[in-house]
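Undergrad: Take this structure first; my questions come after.
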Amino acid sequence: MALSPMDVSQFAAVDTARAARMLSEVRAAKLSGRAGPVAARPVIEQSWERMLRGGVDPDHDFRSGLLSREEVERRRETSALRHVLPVLREGLLSVADVAHHIMVVADDEGRVLWREGSPPVLRKADGLGFELGADWREDVVGTNGVGTPAVTRRPVQVFAAEHFVRSHATWTCAGAPITDPRDGRLLGVVDVSGPLETMHPATLAWVDSVAKLAEARLRERHLQSLERLRAVAAPVLARLGGRALVVDRDGWTAAVTGMPYMERVALPRSPAGGPKSLPVFGPCTVEPLAEGWLLRAAEEPVPCGAARILLDLRRPRRWSVRVRCGAGPWARELSPRHAELLYLLAVHRGGRSAAGLAEDMFGDPARKVTVRAEMSRVRRYLGAYLEHRPYRFREDAEVEVLLPEDPLDLLPHSTAPAVARARAAPAPAP
């Protein structure tokens, strides 16, 4: 009797070896263009169709290059998923280790950023190329528990020969996408994987529920950030007349005055200070304010004018930039990379090209793409005070750098050649 796809799933729960053999026949039939003993599940059938159209080789395990450790760390630092790692670990790791699984967290590009769990299973994953920095997009390695949920935007369990590439058929995995609650953007995928015999039909529901807990945590963090911005915005708006509102960097409203409340304002992809015309809000002046923007209706434009920028590098791992301008003072803690960049711009007031900054930071002027990507992120909050071609602070900005007393404490974890030279320079005479 022919079994439906649902029957196959239930069958696998009680006899994994027999189900794996049947799925191998189903896969072989699909690749040869003939009818199989049972139908593949729709989500798997559709994935296989994508693989065939895309030219993925089912009999050869293609692996793209691993990311460098430095690039993995950079992506970890900038990924919102770092904020929900405790939720994922608490919800998945204890059970995964006992059940001989591993937990894998990949970013929106399918790159593995975190991988934890049973040591023997981690070693088996190494053999499949399921390593830190590996590329597990569906169109690279075929149907799998990381790449397929990213494409379908839904939880997917991939069992045995449901993997399109033959070498992965000894593996089972269940992955669920994690999206940003602010805009629905895919942040990445959390996956629980292990050898074939560890498969259980409840695994997918378990992983999906933990992924939803992670999204709830991100939603909570967003509401908390709006509360913090609201506290900063309240005294600023109290001093203003006319129509104005304060939004976070994604356009979500924290506070409003002189006009009806609107939940969100559509901001440009890379907003900067100055005159703008925004959908719904209309012509306005945009000024940076703490972790967001002050939008003032065009009928009462008040330019921000000259600003005083204080770059504080005195405390290890607590570097910050503070800005005083027309909208009032605000501050932001800096990542190690952004602390390096702003230090270099502060000591080179005449400006540095992308190649020059790449030489300063990496000793390699060819790494301009990395520099430009990081400068794009810096401009999201300091764009009103920066110029480019070359990169530099605006001439009318007053920039002061607070350095540690001991030069050896200047950005102590930095390997940037320019920073290393500054640490080695003799201290000025008292």
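Undergrad: For the chain, return all DSSP H helices satisfying: extent of Cα atoms along own axis at least 30 Å; mean Kyte-Doolittle hydropathy at least 0.0. Don't skip to the answer; put the middle values down first.
TA: Numbers: long enough: 203-238 (52 Å, 0.16).
Membrane-span-like by this criterion, though nothing is claimed about a membrane: 203-238.
Undergrad: Considering only C-alpha atoms, what is the centroid distance from region 95-157 to region 352-382, in Å?
TA: Each part's Cα centre sits 31 Å from the other's.
Undergrad: Projected onto the charge dipole of region 227-277 (+1 at Lys/Arg Cβ, -1 at Asp/Glu Cβ, origin at the Cα centre), which of Val232, Thr253, Pro275 gives the Cα projection farthest towards the positive end?
TA: Looking along the dipole axis, the top candidate is Pro275.
Undergrad: Residues with amide H under 5 Å of Leu289's amide H, sequence separation 5 or more or different chain, H placed in the peptide plane at 1.01 Å from N; which?
TA: Amide H neighbours of Leu289: Leu294.
Undergrad: Using a simple spin-label model with points 7 Å from Cα along the Cα→Cβ vector, what separation in nm is obtained for Glu49 and Thr170?
TA: 3.3 nm
Undergrad: Say the dipole of the chain comes from +1 at the beta carbon of Lys and Arg and -1 at that of Asp and Glu; which of Gly127, Trp114, Ala20 then lies farthest toward its positive end?
TA: Ranked along the dipole, the leading option is Trp114.
Undergrad: Run the dipole for region 312-354 about the Cα centre, Lys and Arg Cβ at +1, Asp and Glu Cβ at -1, nothing else charged, and hand back the magnitude in debye, nearest 20. Mind dumping the intermediate values first?
TA: Working: 10 positive and 3 negative charges, 22 e Å.
Rounded to the nearest 20 debye, it is 100 debye.
Undergrad: Which is farthest toward the positive dipole end of region 55-219 among Pro86, Pro195, Trp171, measuring Cα position about the Cα centre, with Cβ charges +1 (Lys, Arg) and -1 (Asp, Glu)?
TA: Result: Pro86, furthest along the dipole toward the positive end.
Undergrad: Let me ask something else. Stretched out fully, how many nm does the piece from His83 to Arg332 gain, at 0.36 nm a residue minus the Cα gap? Mind showing how you got there, number by number?
TA: Working: separation 249, 0.36 × 249 = 89.64 nm, distance 1.76 nm.
Residue separation times 0.36 nm, minus the Cα-Cα distance, leaves 87.9 nm.
Undergrad: Roughly how big is the chain's charge dipole about its Cα centre, with Cβ charges of +1 (Lys, Arg) and -1 (Asp, Glu), in debye to the nearest 20? Could the numbers behind the result be given before it?
TA: Details: 60 positive and 54 negative charges, 166 e Å.
Roughly 800 debye, rounded to the nearest 20.
Undergrad: On to the next question. Would you pull out the residues with amide H under 5 Å of Gly188's amide H, same chain only if 5 or more places away, H placed 1.01 Å from N?
TA: Long-range HN contacts for Gly188: Ile178.
Undergrad: Be a star and scan region 336-359 for residues whose amide nitrogen sits under 16 Å from the point 7 Å along the Cα-to-Cβ vector of Glu395.
TA: Hits in region 336-359 for Glu395 at 16 Å: 349-352.
Undergrad: So, one more: Go ahead and collect, in residue order, the members of region 64-90 whose backbone nitrogen is under 14 Å from a label point 7 Å along the Cα-Cβ direction of Asp126.
TA: Of the residues in region 64-90, none has backbone N under 14 Å from the label point off Asp126.
Any read-out appearing in this document is the output of simple, stated calculations on the displayed coordinates, not a laboratory observation. What you see is a predicted model, and the numbers here were worked out from it, not measured in a lab. Here the Cβ is made from the backbone with ideal geometry for all residues, glycine too, and neighbour counts use every protein chain on show.
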